[in-house]
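> The structure under discussion is supplied below as structure tokens; questions concerning it will follow.
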Amino acid sequence: MGSGGFENERIRELKAFDDTKLGVKGLVDGGIQTVPKIFIQPSKGLSQELNSMHHHSSNFQIPVIVLASGRCEEIVNQILYASSEWGFFRVVNHGVPVELLDRMMEGSRLFHKGDGETKKDFYSVNKRKQVKFSSNYDLYKSQTANWRDTLTIDNLFDGQLDPNDLPVICRLGFS
């Protein structure tokens, strides 16, 4: 099969996955026995990624951003560094009660474990929505799809979030 045929097959597989609107967990719940090709990274890219991970793993420490310090410029610089070098960071002393964080995490877990119809209501890859469920934000652009599902709350719309826009399971305990 020429490269055009391979690309057409890949697009068909991506579209079939996207059309389910159920994400990776939908594949698992559906009983798949093998990982679909769209999720398999070419061995060349994988070996480079593993080498990169090995290089960093000897001194692995997640960056921690302390918000209560009040030093705005320093905090911004720490966030910039952590974002560019690590891609993630931990925020502490942010003033959000632990109980609220625990309820939020439980709501997220229940959403991901929950029924497919709710996920379909929130599913979006390319549409800009404030609350959306997706598996890969770059599904049709990346070389390989990522084996993950994400519930995203984009507060950049207007800085406000109507709790009624959240999945019902994520609102339990909030009133």
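The values are calculated or read from the model by the stated rules, or taken from the named source; none is laboratory data. All values reported here derive from a predicted model rather than from experimental measurement. Virtual Cβ from ideal backbone geometry, glycine too; neighbours counted across all protein chains shown.
> Taking the conditions exactly as written (touching a helix residue (DSSP H, G or I) at 6+ places or on another chain (Cβ under 9 Å), within 29 Å of residue 132 (Cα to Cα), assigned by TED's automatic domain parsing to the domain that holds residue 89 and modelled with pLDDT of 85 or more), does residue 24 satisfy them or not? Break it down into steps so the answer makes sense when it comes.
Working: touching a helix residue (DSSP H, G or I) at 6+ places or on another chain (Cβ under 9 Å): yes; within 29 Å of residue 132 (Cα to Cα): yes; assigned by TED's automatic domain parsing to the domain that holds residue 89: no; modelled with pLDDT of 85 or more: yes.
The answer is no for residue 24.
> Also: Could you run through segment 113-144 and say how many residues are modelled with pLDDT of 90 or more and either under 12 Å from the mean Cα position of the chain (by Cα) or outside the structural domain of residue 22 (by TED's automatic domain parsing) (or both)?
3
> Confirm whether residue 127 is touching a Phe, Trp or Tyr at 6+ places or on another chain (Cβ under 7 Å) and either among the charged types (D, E, K, R) or under 27 Å from residue 41 (Cα atoms) (or both). Reasoning before the result, please.
Details: touching a Phe, Trp or Tyr at 6+ places or on another chain (Cβ under 7 Å): no; either among the charged types (D, E, K, R) or under 27 Å from residue 41 (Cα atoms) (or both): yes.
Taking the combined requirement at face value, the residue does not satisfy it.
> Consider residue 118 against the criteria (1) touching a residue at least 12 places away in the same chain (Cβ under 8 Å); (2) part of a loop (DSSP other than H, G, I, E, B); (3) within 17 Å of residue 24 (Cβ to Cβ); (4) of a type in the set (S, T, N, Q): it satisfies all of them except one. Which criterion is unmet?
Tallying (1) touching a residue at least 12 places away in the same chain (Cβ under 8 Å); (2) part of a loop (DSSP other than H, G, I, E, B); (3) within 17 Å of residue 24 (Cβ to Cβ); (4) of a type in the set (S, T, N, Q), residue 118 fails exactly one: (2).
> OK, next. So, in segment 85-112, of the ones that are of a type in the set (Gly, Ala, Ser) and surrounded by 11 or more Cβ atoms within 10 Å (Cβ to Cβ), which residue ends up nearest to the chain's Cα centre (by Cα)?
Here the answer is 108.
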